[in-house]
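Accompanying notes for the structure given below.
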Amino acid sequence: MNRLIFLCAIPLLAQDTAGVGAITGTVTSSSTPVAGAKVCVASTSRCATSNDSGAFRISEIRAGEYKLEVSIASQPSFTTSPVEVRAGLEGRVDIAAPALDVNTQSVTVTESVFVAPEEIKNSGYLVQPEEVYKSAGALQDVSRYVQTLPGVVIGSDDFRNDIIVRGGSPLENLYVVDNIEIPNINSFANFASAGGTVSILDAALIRDVTFLTGGYPAPYINRASGVLQVAQREGARDGFHGRVTLGFAGAGTILEGPIKKGKGSWIVSARRSFLDLFTNDVGFGGVPVLYTLNTKVLYDLTPRDRIWAVNLTGFDNIRLGAREGEANDDEVNNFDIRYKGRRSATGFNWQRILGSRGVGLLGLTHSEAGLDSSVRDLVRNGVPSASLPVNDLIAQSPVIYSDNSSEGESTIKYDLTTYAPMIDKIQLGGSYKIFRLNYNVESPFGADSPYSLTPGVNPFFLRRSFLAYQSGAYFQGTRNITSRLNFTWGGRFDNYQYISRSRFSPRAGISYRLTDRLSWRASFGTYYQQPFFLFLSAFPSNRGAVPFRSDHYVTGLTYSASNSLRFTVEAYRKNYKDYPVAVQFPTLSLANIGDTFDVQEILFPITSAGRGRVQGIELFVEKKFTNKWFGQANAAFSRSRQAGLDGVRRPGSYDYPRVFNVVGGYRLTPKWELSLRAAHLSGRPYTPFDMNLSRQQRRPIFDLAQVNAARLPDYVRIDVRVDRTFYVRDKPLLVFIGAQNIINRKNVAGYTWNRRSNSIQTNEQLGLFPLIGLDWRF
């Protein structure tokens, strides 16, 4: 006998600490809940029985596509169409079985992301791969896309992809890819910053992105602001496939295929940037050259055991500064900057499903990063003659900063998810990290800090190799107190061996379903973070710093208007304590830096005396992609205040009181698509120069009576992109064109002091920038 089955597969936002997903839902017949229905995942032993409300839940299911086998008393069993299970997410499946006299069968599957999670109560966003890959302005870079989400803004300029979360420094975020903790997923980064120009992740390999901006739970290692978690897709199991891509990040190839008759798969992406083939300056004094390699191999050892290995590798280099035959009217042309970098992260994971008891995940990770950079000051000995060849000028100019260093990090971690009476879901685990630090950094002349009336402060020579260790453990419980009330509680303990400190971080969250569509949520968490090792090592006294603290308080409402449309409003507060601040410059806090390539200016003696507070409210509406269009819009209103050693709370460098974003795409026809991004940010704070002192010393000196007291003009930008699909040998070829800042607005990144002209110079953001690319699958 035929059956009518309606399925609504709704991924729930969750933490991917086990590498598995779950299916929850209801079984009804003629709109009446069916109790005692047995629902099983085909070809597995995973089953559940519906309760009196018709509800069921099947947990610890590996990522993949599965049919559900449903058995109802006095009725023939039936099988649904495939339901997708994704790591770290839950799928909501509503099964409606018709009366016995119905002689038709139909299966409908729709997707949504808007059912409340269990452990993550607030400030969580699930980004689909199409949003990163096809959105105007994202440049196929996950970091640039999340800059459009509530409470997130750009850093110092458009050329960097720093993630500024709710007024926090970009140094305060955690990056996780396929259960691998990665210090930095970006190219052209250094050991004192977190952003770069573009991600080394290939957006075409992304399966899901989970972005958490506050109040996140205990399994994630401590960071003071946010978590960016990426799950990459596995390779094809049905045969060999290929793909050729071209975009801002470069030209590349993706190859993938099965292992041993579909028991596993592999996928490889290789890319090389190409802008250097057309220009030697993309707008900031040079052009980046980047090579990346992404690899993932997955294999099912047994029905309960799965292993996978992942590698992310990037090599990059750039030269900035003066060039023969070009105007030297920008301050960057008063330097010769050479940079070569490399970074890689490799991880191995073993996942074992423990029957009905839960799931365990063992992870081994090693990451390595190195750089070789130097900075020559071409006007340190005075303004050179205009007739002097640039190469001769570079040869005779002193090296004022050099860095030939490396950092390595090895981690072993284990995460267990299980269930127990009275607590329901339990998550516990631990990790142990070994850091291998090799620093060879020189600043022989010191820094001409704009905070100092005296030039050449804090010269140093750092030549040191050492080991450091960090260990951590966590426990978390989640329980449904009632059918509408859910409570999560837990905490983590972390030991920071290098600075001889240990900290306990409590976490708690609560959610209450007011109606079937409206829910209230609140969360609290304390987060500790050790300053980066380069800051701690630059000067002997810096090792006395302690982990700085950030307390998160978040509450909000979520309304799901439909399976693809939701509205949220959230209010939050972050309180900072023990933040590293400059000993010599009482107004300067590390909370206000991190989005810069100029490492020399931000290495100085520090002490843990900083305080700060960020608070705000965020409005968000999101429409996930259906047949025609997707989009999201948000408005954020916030206030950030940070204090240096003097204890005076001033506007933080990432204090944007008003932020508005609109991002969307529309499918005009099966072959044509259009996407748009519009952003409006109030101007960020800056410190004016003391004009007299700056002219006298022919270098930038701040007016310390006006630290962050002035503001840049508002930032406005509109990006567009048009996609057209062709077919070559019956294979789809996507071609896109577009432009960033299509209105060519002269947004201001900041002001610098040009020592050659001895005057203020305005640094502009990215102007009108054309984009073109393609994607051919074969």
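Select from segment 73-88 the residues that are of a type in the set (Val, Ile, Thr) and open to solvent by 20 Å² or more (accessible area, probe 1.4 Å) and list them in ascending order.
Within segment 73-88, THR79 is the sole residue that qualifies.
List the pairs whose first member sits in segment 657-672 and is free of Cβ contacts under 8 Å to residues at least 24 places away in the same chain, whose second member is open to solvent by 70 Å² or more (accessible area, probe 1.4 Å), and whose Cβ atoms are under 9 Å apart, counting only residues at least 6 apart or on separate chains?
Every condition considered, the pairs that remain are LEU668/LYS628; LEU668/LEU674.
With the structure loaded, tell me whether GLU118 is of a type in the set (Asp, Glu), open to solvent by 20 Å² or more (accessible area, probe 1.4 Å) and either part of a strand (DSSP E or B) or modelled with pLDDT of 80 or more (or both) or whether it fails that test. Spell out the reasoning first.
Working: of a type in the set (Asp, Glu): yes; open to solvent by 20 Å² or more (accessible area, probe 1.4 Å): yes; either part of a strand (DSSP E or B) or modelled with pLDDT of 80 or more (or both): no.
No, not satisfied.
Give the residue that is nearest to THR295 (Cα to Cα), with candidates limited to residues of segment 198-210 that are of a type outside the set (A, V, I, L, M) and surrounded by fewer than 24 Cβ atoms within 10 Å (Cβ to Cβ). Spell out how you get there, then give the answer.
Of all residues in segment 198-210, those of a type outside the set (A, V, I, L, M) come to 199, 202, 207-208, 210.
Now narrow it down to the ones that are surrounded by fewer than 24 Cβ atoms within 10 Å (Cβ to Cβ): 207-208, 210.
On the way: ARG207: 14, ASP208: 17, THR210: 20 Å.
Per the stated criteria, the residue is ARG207.
Run down TYR559, TYR553 and say which single residue is open to solvent by 60 Å² or more (accessible area, probe 1.4 Å), within 22 Å of GLN529 (Cα to Cα) and not basic (Lys, Arg).
Values: TYR559 fails: within 22 Å of GLN529 (Cα to Cα).
Selected residue: TYR553, the only one of TYR559, TYR553 that is open to solvent by 60 Å² or more (accessible area, probe 1.4 Å), within 22 Å of GLN529 (Cα to Cα) and not basic (Lys, Arg).
From the list LEU320, LEU312, LEU228, which one is part of a strand (DSSP E or B), under 30 Å from LEU378 (Cβ atoms) and open to solvent by less than 50 Å² (accessible area, probe 1.4 Å)? Even if it seems obvious, please write down each step before you answer.
On the way: LEU312 fails: under 30 Å from LEU378 (Cβ atoms); LEU228 fails: under 30 Å from LEU378 (Cβ atoms).
One residue alone meets the criteria, LEU320.
Hey, can you tell me all the residues within segment 379-397 that are of a type in the set (A, V, I, L, M, F, W, C) and either in contact with a strand residue (DSSP E or B) (Cβ under 6 Å, 6 or more places away or on another chain) or in contact (Cβ under 8 Å) with a residue 60 or more places away in the chain (or both)? Please lay out each step first, then the result.
Taking segment 379-397 and keeping what is of a type in the set (A, V, I, L, M, F, W, C), we get 379, 383, 386, 388, 390, 393-395.
Of everything in segment 379-397, those that are of a type in the set (A, V, I, L, M, F, W, C) and either in contact with a strand residue (DSSP E or B) (Cβ under 6 Å, 6 or more places away or on another chain) or in contact (Cβ under 8 Å) with a residue 60 or more places away in the chain (or both) turn out to be VAL379, VAL383, VAL390, LEU393, ILE394.
Quick test for you: out of GLU409, GLU368, pick the one residue that is open to solvent by less than 40 Å² (accessible area, probe 1.4 Å), at negative phi, modelled with pLDDT of 95 or more and not polar (S, T, N, Q). Show your work before the answer.
On the way: GLU368 fails: open to solvent by less than 40 Å² (accessible area, probe 1.4 Å).
Result: GLU409 is the single residue among GLU409, GLU368 that is open to solvent by less than 40 Å² (accessible area, probe 1.4 Å), at negative phi, modelled with pLDDT of 95 or more and not polar (S, T, N, Q).
Could you check segment 612-639 and list, in sequence order, the residues that are within 25 Å of LEU536 (Cα to Cα) and crowded, with 20+ Cβ neighbours inside 10 Å?
Of everything in segment 612-639, just one residue is within 25 Å of LEU536 (Cα to Cα) and crowded, with 20+ Cβ neighbours inside 10 Å, namely GLY612.
Is there a residue being modelled with pLDDT of 90 or more, over 23 Å from LEU371 (Cβ atoms) and in a strand (DSSP E or B) anywhere in segment 126-149?
Looking for residues that are modelled with pLDDT of 90 or more, over 23 Å from LEU371 (Cβ atoms) and in a strand (DSSP E or B), one finds none in segment 126-149, hence no.
Could you check how many residues of segment 48-67 are open to solvent by 60 Å² or more (accessible area, probe 1.4 Å) and either touching a Lys or Arg at 6+ places or on another chain (Cβ under 6 Å) or touching a residue at least 60 places away in the same chain (Cβ under 8 Å) (or both)? Step through it out loud before you land on a result.
Start the filter on segment 48-67 by keeping residues that are open to solvent by 60 Å² or more (accessible area, probe 1.4 Å), which leaves 49, 51-53, 57, 65, 67.
Now drop any that are not either touching a Lys or Arg at 6+ places or on another chain (Cβ under 6 Å) or touching a residue at least 60 places away in the same chain (Cβ under 8 Å) (or both), which leaves 49, 53.
Qualifying residue count, segment 48-67: 2.
May I ask you to list the residues in segment 323-347 that are within 16 Å of PRO288 (Cα to Cα), open to solvent by less than 70 Å² (accessible area, probe 1.4 Å) and touching a strand residue (DSSP E or B) at 6+ places or on another chain (Cβ under 8 Å)?
From segment 323-347, those within 16 Å of PRO288 (Cα to Cα) are 323, 332, 336-343; that's our starting set.
Adding the requirement that they be open to solvent by less than 70 Å² (accessible area, probe 1.4 Å) leaves 323, 332, 336-337, 339, 341, 343.
Within segment 323-347, VAL332, ASP336, ILE337, TYR339, GLY341, ARG343 qualify.
Tell me which of these PRO421 doesn't satisfy, since it passes every other one: (1) in contact (Cβ under 8 Å) with a residue 24 or more places away in the chain; (2) farther than 24 Å from ASN184 by Cα.
It is condition (1) that PRO421 fails.
Restricting segment 420-447 to residues that are under 26 Å from the mean Cα position of the chain (by Cα) and among the small types (Gly, Ala, Ser), which is farthest from ASN458 (Cα to Cα)? Can you show your working first?
Initially, segment 420-447 is screened for residues under 26 Å from the mean Cα position of the chain (by Cα), giving 427-437.
Add one more test, that the residue is among the small types (Gly, Ala, Ser), and what stays is 429-431.
Values: GLY429: 42, GLY430: 39, SER431: 37 Å.
The qualifying residue farthest from ASN458 (Cα to Cα) is GLY429.
ILE743 passes all but one of (1) closer than 30 Å to TYR451 by Cβ; (2) open to solvent by 60 Å² or more (accessible area, probe 1.4 Å); (3) not in a strand (DSSP E or B); which number fails?
(1)
Looking at SER653, is it touching a Lys or Arg at 6+ places or on another chain (Cβ under 7 Å) and either under 29 Å from TYR576 (Cα atoms) or not in a loop (DSSP other than H, G, I, E, B) (or both)?
On the way: touching a Lys or Arg at 6+ places or on another chain (Cβ under 7 Å): yes; either under 29 Å from TYR576 (Cα atoms) or not in a loop (DSSP other than H, G, I, E, B) (or both): yes.
It is true that SER653 is touching a Lys or Arg at 6+ places or on another chain (Cβ under 7 Å) and either under 29 Å from TYR576 (Cα atoms) or not in a loop (DSSP other than H, G, I, E, B) (or both).
For the list (1) open to solvent by less than 50 Å² (accessible area, probe 1.4 Å); (2) free of Cβ contacts under 8 Å to residues at least 12 places away in the same chain, I need the number of the one condition that ASP305 fails.
(2)
Name the strands (runs of 3 or more DSSP E) wholly inside segment 23-97 in which the number of residues that are modelled with pLDDT of 80 or more and closer than 22 Å to TYR419 by Cα is 2 or more. Before the answer, list the steps.
Values: elements: 38-41, 47-49, 55-62, 64-66, 68-71, 83-85, 89-97.
Where strands (runs of 3 or more DSSP E) fall fully within segment 23-97 and carry at least 2 residues being modelled with pLDDT of 80 or more and closer than 22 Å to TYR419 by Cα, they are 38-41, 47-49, 55-62.
I need the full set of residues from segment 638-649 which are part of a strand (DSSP E or B) and within 12 Å of ARG611 (Cβ to Cβ), in order please.
Within segment 638-649, the subset part of a strand (DSSP E or B) is 638-643, 649.
Hits for segment 638-649 are ARG641, GLN642, ALA643, ARG649.
Just to be sure, is SER519 of a type outside the set (Asp, Glu) and either open to solvent by 20 Å² or more (accessible area, probe 1.4 Å) or in a strand (DSSP E or B) (or both)? Don't jump to the end; show me each part of the working.
On the way: of a type outside the set (Asp, Glu): yes; either open to solvent by 20 Å² or more (accessible area, probe 1.4 Å) or in a strand (DSSP E or B) (or both): yes.
Answer is yes for this residue.
Report yes if some residue within segment 698-706 is of a type in the set (Asp, Glu), free of Cβ contacts under 8 Å to residues at least 40 places away in the same chain and open to solvent by less than 70 Å² (accessible area, probe 1.4 Å); otherwise report no. Give the derivation first.
Step one: filter segment 698-706 for residues of a type in the set (Asp, Glu), giving 703.
If we keep only those that are free of Cβ contacts under 8 Å to residues at least 40 places away in the same chain as well, we get 703.
When the remaining residues are screened for being open to solvent by less than 70 Å² (accessible area, probe 1.4 Å), the result is 703.
Checked against the condition, which is being of a type in the set (Asp, Glu), free of Cβ contacts under 8 Å to residues at least 40 places away in the same chain and open to solvent by less than 70 Å² (accessible area, probe 1.4 Å), segment 698-706 yields at least one hit.
Mind counting the residues in segment 156-197 that are among the hydroxyl-bearing types (Ser, Thr, Tyr), in a loop (DSSP other than H, G, I, E, B) and open to solvent by less than 10 Å² (accessible area, probe 1.4 Å)?
Pass one, segment 156-197, residues among the hydroxyl-bearing types (Ser, Thr, Tyr): 156, 169, 175, 187, 193, 197.
The next check asks that each one be in a loop (DSSP other than H, G, I, E, B); those that pass are 156, 169, 187, 193, 197.
Pick out the ones that are also open to solvent by less than 10 Å² (accessible area, probe 1.4 Å) and you get 169, 187, 193.
Residues that pass the stated criteria total 3.
Residues of segment 656-679 being within 21 Å of the chain's Cα centre (by Cα) and assigned to a strand (DSSP E or B), which ones?
Residues of segment 656-679 that are within 21 Å of the chain's Cα centre (by Cα), as a first pass: 656, 659-664, 677-679.
Across segment 656-679, the qualifying residues are VAL659, PHE660, ASN661, VAL662, VAL663, GLY664, ARG677, ALA678, ALA679.
Could you count how many residues in segment 247-265 are open to solvent by 50 Å² or more (accessible area, probe 1.4 Å) and in contact (Cβ under 8 Å) with a residue 40 or more places away in the chain?
Total satisfying the criteria: 1.
The values are calculated or read from the model by the stated rules, or taken from the named source; none is laboratory data. Remember, it's a predicted structure, so these values are computed and weren't measured experimentally. Here Cβ is always computed from backbone atoms with ideal geometry, including for glycine, and neighbour counts include all displayed protein chains. In case anyone asks, the SASA skips ligands and DNA or RNA and just uses the protein heavy atoms, side chains included. Shrake-Rupley method; radii C 1.70, N 1.55, O 1.52, S 1.80 Å.
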